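Chemist: One structure follows; several queries about it will come next.
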Amino acid sequence: MLSAVIAIGYMNLLYVGGIWQRGETDLPECGPTAKHGGANTAMKLQQLKYLLAIVDNGLNITAAAERLYTSQPGVSKQLKLLEEELGLQLFSRKGKSLDGITPAGERVIERARLIMQEVENIRSLASDYYAEEEGSLSIATTHTQARYVLPPIIGEFRDRYPKVGLNLHQGTSEQIADMVASNDIDFAIATGSKELFSDLMLVPAYHWDRSIIVPKGHELTKLDGKMTLQDLAMYPLVTYVFSFGGQSSLKRAFADEGLEPDVVFTARDADVIKTYVRMGLGVGIVASMAADCADKKDLHVIEAEGLFPRSTTWIGFRKDTVLRRYMLDFVQLFAPHVTSEKLGDVRRARSQSEIDQLFDETELPVRGGCPDGAIEVA
């Protein structure tokens with residue numbers, strides 16, 4: 001009986017008597033095991049590819065190497081390693097040339113062709129799966145992203161892939177992290193809080209600043225100069241729910257100036273924040289994307305670029321996620337600077353710091369709210 005181990009990625013497939021089995025790479029009571037003292041010497045698909053190229057080129061190793069765009073010594077070395085692992089002589093030799101195929105070699109070659117055909121079938125299956133335009137896509141994100149950023153992106157995505165079902169889940173960063181831990185989603189979209197998402201590969205998408213919103217006629221709209229944190233600290237504030245994972249950048253900005261902000265109300269929803277600003281509860285601080293043009297009817301929006309640290313929104317997914325074509329397209333709709341090649345580099349990265357380095361020289365877009373000139377600069 002012919003036994004062999006083929007290492008494919010992280011799986012070891014054991015081919016025994018014409019049957020594929022999942023198994024260990026140590027083969028007991030076998031020629032190669034005895035020869036190498038039980039060492040783990042997994043056969044490689046490349047060796048089988050070289051073997052078949054030699055046969056298909058009339059046992060001419062030089063011609064096989066040219067066909068494979070590799071070197072003749074490299075092909076010879078892989079053939080030698082294959083024979084040593086199997087403990088079999090696959091070819092008869094005359095000097096340094098191959099003279100014929102041994103009976104054992106005939107059997108190995110027959111099975112090698114079957115194996116390589118199955119490899120091509122698997123590749124074809126993967127290609128078909130990637131190209132499918134039906135399926136589902138689950139995204140977890142915050143209210144601000146879902147309400148102010150994603151609508152046009154999802155609209156275009158739906159035009160391209162009408163047969164893909166979309167599931168959009170909203171929550172805080174902590175709630176999104178719980179969805180990730182439960183393996184309920186394909187993509188997570190959030191800002192900061194990287195420590196909550198160590199299992200994901202986080203790709204930076206865009207920057208954003210904060211905006212100040214107040215009722216029309218508010219004292220802050222009458223300042224002679226540029227607004228400062230000292231000006232803001234004089235009023236009660238209405239803003240987002242703070243993350244439980246460490247100090248928020250907003251609180252830290254005040255603390256750096258020796259100020260203690262009077263935060264009287266927090267919410268995860270920018271629309272709720274605006275509602276309470278309209279009630280006169282306090283001065284609102286929201287993401288710049290949430291400064292809607294419709295708000296100009298009764299609110300005054302002041303851009304606060306430079307008052308607080310600029311934030312970066314990312315899109316994240318697990319390293320083992322199989323990205324189908326429509327999933328890749330969604331990433332590129334959300335973050336157009338992420339090309340297919342760049343995404344490949346991301347997936348090969350060994351750490352988040354390596355991913356961050358990939359985008360060190362990338363100029364990310366800065367998202368704002370109402371695009372016309374009606375918004376004043378602080």
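The values are calculated or read from the model by the stated rules, or taken from the named source; none is laboratory data. In this text, all values refer to a predicted model and were calculated from it rather than measured experimentally. Every residue, glycine as well, gets a Cβ built from its backbone with ideal geometry; the counts of neighbours run over all protein chains shown.
Chemist: Which pairs do you get when a residue that is without any contact (Cβ under 8 Å) to a residue 40 or more places away in the chain, found in the stretch 336-349, comes within reach of a residue that is among the charged types (D, E, K, R), reach meaning Cβ atoms under 9 angstrom, with the pair 6+ apart or on two chains?
Modeler: Filtered contacts from the stretch 336-349: 337/363; 345/354; 348/354.
Chemist: Within the stretch 128-187, track down each residue that is farther than 20 Å from residue 241 by Cα, surrounded by 18 or more Cβ atoms within 10 Å (Cβ to Cβ) and under 17 Å from the mean Cα position of the chain (by Cα).
Modeler: Hits for the stretch 128-187 are 137, 139, 180, 185, 186, 187.
Chemist: Across the stretch 258-306, what is the number of residues that are in contact with a Leu (Cβ under 7 Å, 6 or more places away or on another chain) and of a type in the set (Asp, Glu)?
Modeler: So the count comes out to 1.
Chemist: Would you be able to tell me the number of residues in the stretch 108-122 that are exposed (fewer than 14 other Cβ atoms within 10 Å of the Cβ) and at pLDDT 90 or above?
Modeler: So the answer is 1.
Chemist: Take residue 297 and decide whether it is under 17 Å from residue 217 (Cβ atoms) and touching a Gly at 6+ places or on another chain (Cβ under 7 Å).
Modeler: Spelling it out, it is not the case that residue 297 is under 17 Å from residue 217 (Cβ atoms) and touching a Gly at 6+ places or on another chain (Cβ under 7 Å).
Chemist: Give me the residue from the stretch 329-340 that is modelled with pLDDT of 90 or more and in a helix (DSSP H, G or I) and, out of that set, nearest to the chain's Cα centre (by Cα).
Modeler: The qualifying residue nearest to the chain's Cα centre (by Cα) is 331.
Chemist: Can I ask one more? Considering (1) modelled with pLDDT of 90 or more; (2) outside the structural domain of residue 332 (by TED's automatic domain parsing), say which one residue 95 fails and leave the rest.
Modeler: (1)
Chemist: Hey, another quick one. Considering each of 90, 98 in turn, give the residue that is more than 25 Å from residue 120 (Cβ to Cβ) and among the aliphatic types (A, V, I, L, M).
Modeler: Going through 90, 98 in turn, the sole match is 98.
Chemist: Here is a follow-up. State yes or no: is residue 258 outside any helix (DSSP H, G or I) and in contact (Cβ under 8 Å) with a residue 60 or more places away in the chain?
Modeler: So residue 258 fails the test.
Chemist: Which one is surrounded by the fewest Cβ atoms within 10 Å (Cβ to Cβ), of the residues in the stretch 46-80 that are touching a residue at least 40 places away in the same chain (Cβ under 8 Å) and part of a helix (DSSP H, G or I)?
Modeler: Of everything passing the filter in the stretch 46-80, 52 is surrounded by the fewest Cβ atoms within 10 Å (Cβ to Cβ).
Chemist: Answer with yes or no whether residue 235 is outside the structural domain of residue 194 (by TED's automatic domain parsing) and closer than 25 Å to residue 146 by Cβ.
Modeler: Considered against the rule, which asks whether it is outside the structural domain of residue 194 (by TED's automatic domain parsing) and closer than 25 Å to residue 146 by Cβ, residue 235 comes out as no.
Chemist: Hey, residue 85 hits all of (1) farther than 15 Å from residue 54 by Cβ; (2) at pLDDT 90 or above; (3) touching a strand residue (DSSP E or B) at 6+ places or on another chain (Cβ under 7 Å); (4) not assigned by TED's automatic domain parsing to the domain that holds residue 189 but one; which does it fall short on?
Modeler: Exception for residue 85: condition (2).
Chemist: Kindly indicate whether any position in the stretch 221-232 is out of contact with any helix residue (DSSP H, G or I) (no Cβ under 7 Å at 6 or more places or on another chain), closer than 30 Å to residue 169 by Cβ, part of a loop (DSSP other than H, G, I, E, B) and not hydroxyl-bearing (Ser, Thr, Tyr).
Modeler: no
Chemist: Just give me the residues in the stretch 261-316 being under 30 Å from residue 342 (Cα atoms), in a strand (DSSP E or B) and of a type in the set (Gly, Ala, Ser), in sequence order.
Modeler: 287, 311, 316
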